[in-house]
1. Under 6 Å between Cβ atoms, at least 6 apart or on separate chains: pull out the pairs that start in segment 450-465 with a residue that is at negative phi and end on any residue that is assigned to a helix (DSSP H, G or I) and not hydrophobic (A, V, I, L, M, F, W, C).
2. Out of the residues in segment 330-387 that are under 24 Å from THR174 (Cβ atoms) and not in a helix (DSSP H, G or I), which is nearest to the ligand (Cβ to nearest atom)?
3. Take the conditions over 23 Å from the mean Cα position of the chain (by Cα), surrounded by fewer than 24 Cβ atoms within 10 Å (Cβ to Cβ) and not in a loop (DSSP other than H, G, I, E, B) and apply them to ARG281. Does it pass?
4. Hey, among the residues in segment 217-234 that are within 13 Å of ARG470 (Cα to Cα) and in contact with a strand residue (DSSP E or B) (Cβ under 6 Å, 6 or more places away or on another chain), which one's surrounded by the fewest Cβ atoms within 10 Å (Cβ to Cβ)?
5. Pull out all pairs, ordered by first then second residue, where Cβ-Cβ is under 8 Å, the residues are six or more apart or on different chains, the first lies in segment 416-428 and is within 12 Å of GLU133 (Cβ to Cβ), and the second is near the ligand (Cβ under 10 Å from one of its atoms) and assigned to a loop (DSSP other than H, G, I, E, B).
6. Considering only residues of segment 88-133 that are assigned to a strand (DSSP E or B) and buried (at least 24 other Cβ atoms within 10 Å of the Cβ), which is nearest to the ligand (Cβ to nearest atom)?
7. Against the conditions (1) touching a residue at least 12 places away in the same chain (Cβ under 8 Å); (2) under 26 Å from the mean Cα position of the chain (by Cα); (3) within 23 Å of SER403 (Cβ to Cβ), where does ASP270 fall short? Just the number, please.
8. Away from the ligand (no atom under 11 Å from the Cβ) and surrounded by fewer than 24 Cβ atoms within 10 Å (Cβ to Cβ): which single residue out of ALA182, ALA136, ALA166, ALA162 fits that description?
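The values are calculated or read from the model by the stated rules, or taken from the named source; none is laboratory data. Predicted model, so just to flag it, every value in this text is computed and none were measured. For neighbour counting, all protein chains shown are included, and Cβ atoms are generated from backbone atoms with ideal geometry for every residue, glycine included.
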Amino acid sequence: MTGGGGARRIADDVRSGARTARDVVEEHLTAIAAREPEIHAFNLVLADEARAAADAVDEVVARGDDPGPLAGVPLALKDNMCTRGIVTTCSSRILEGWRPPYDATVVERVRAAGAVVIGKTNLDEFAMGSSTENSAFGPTRNPHDPTRVPGGSSGGSAAAVAAGFAPLALGSDTGGSIRQPAALCGVVGVKPTYGVVSRYGLIAFASSLDQIGPFAATVEDAAVLLEAIGGHDPCDSTSIARPAPSLLAGLDDGVSGLRVGIVDEMTEIDGIEPRVREAVRAAAGGLEAAGAKVDTVSVPSATYGIAAYYLIAPAEASSNLARYDGVRYGLRVDAEDVAHMNAATREAGFGREVKRRIMLGTYALSAGYYDAYYGQAQRVRTLILRDFERVYEQFDVLIAATSPTVAFELGAKTADPLAMYLCDVCTVPANLSGHPAMSVPFGTGEGGLPIGVQVLAPALGEATMFRVARAIEQAAGKTP
Ligand code: GLN
């Protein structure tokens, strides 16, 4: 399924002059031309810009200089990251046509590392959803089975990597939006520790949860990308004042002696497909065979993750989305006075799910309900953090399911918001705690569709997390 050659191989070839970045881009544009009409991974393909960027990389090589660790590697950007002068929509009508006046920090960093931005990918509007069906521009389809969703909200980025449109992509993960689509599309997806990757230029959904991270076909490629985008950024006040994590150096150090916990509340849950549960156990078996010590563990408060998340995230969203008032950005629907113009713009510009979140969040924050809903959810968040911190005294890493199911049919959950929210049951706990977590493909479920196993680690435990993910990836290669 995944084509085009790994990111690291491409970068090595381009740096050594064995291949030109221009050829690499043309190959990927050809792959896009062949299958994008069916998949709809992109809101915008930047063919001319990508060719020009590739030529610039080739010139650096011709001069005898090094374009960087991502030299000539095509990269797809979720369309909620700002690109200077290039339309950035968040898959919302309210931002249609808006051209940001600046680049997100991650965009500057991937370019500085030599990557070639090949397009802006589709998402659930403002990253609210788990299937990419909430896009104002139509859904993305799963490259493994186009009758099924790619997951969400970064479904376009996950599908772009799975379809071989780009070896690398960036997504954002507020409640699972990198890991869940990675699982459903059979690729690697990483949510770093909150604060490891700058959010500057990421259009805000829920600022205390949002985090940018990589998609790639392999754990190694995801590591190269996270090393390139991580590290302190003075433009983001929540950015951690540390350099990017060093991941590649210890990637193959193995898992001998590591203590691995299988999280009960994120594996033994109602509605989980038996083959997903079996995949988690089989991945644990693979780690055990590689020398890790595996046990089951309980994180009791994780059960309340969904309830807390669906108060905190909408509350923050209701505040963040107040800025779309028809004055400063994108769409404006004229009316007799400013208040009516604001209302008409928001009525026309936001989709149903975004409106639902704004109303839920506004309610949860309103006088009289604030303490019962928002305050209570914040207390649960603290409990979840403490539970994880306690568990990490006994375990180096945790594993769990990423998604309780494989990719579902388009339309299967669109009429039932609660069913859609339950897709995130295994992923939201790591957003609430701020800890890193990633999804690694491991075997297949119903219909031969990919399954993802989740690896979780304590704050700033990315290096260990990647080492375990690499061991799971190797064990997956051994399963029939
Ligand atoms: N599916 C979750 C939601 O709808 C998570 C979204 C995300 O991580 N951006 O809120």
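1. Short answer, once both residue conditions are applied: ALA457/THR464.
2. My answer is GLY351.
3. yes
4. VAL219
5. Hits for this filter: MET420/GLY129; MET420/SER130; MET420/SER131; CYS423/SER130; CYS423/SER131; CYS423/GLY151; CYS423/GLY176.
6. THR121
7. (1)
8. Working: ALA182 fails: surrounded by fewer than 24 Cβ atoms within 10 Å (Cβ to Cβ); ALA166 fails: surrounded by fewer than 24 Cβ atoms within 10 Å (Cβ to Cβ); ALA162 fails: surrounded by fewer than 24 Cβ atoms within 10 Å (Cβ to Cβ).
Every option except ALA136 fails the conditions.
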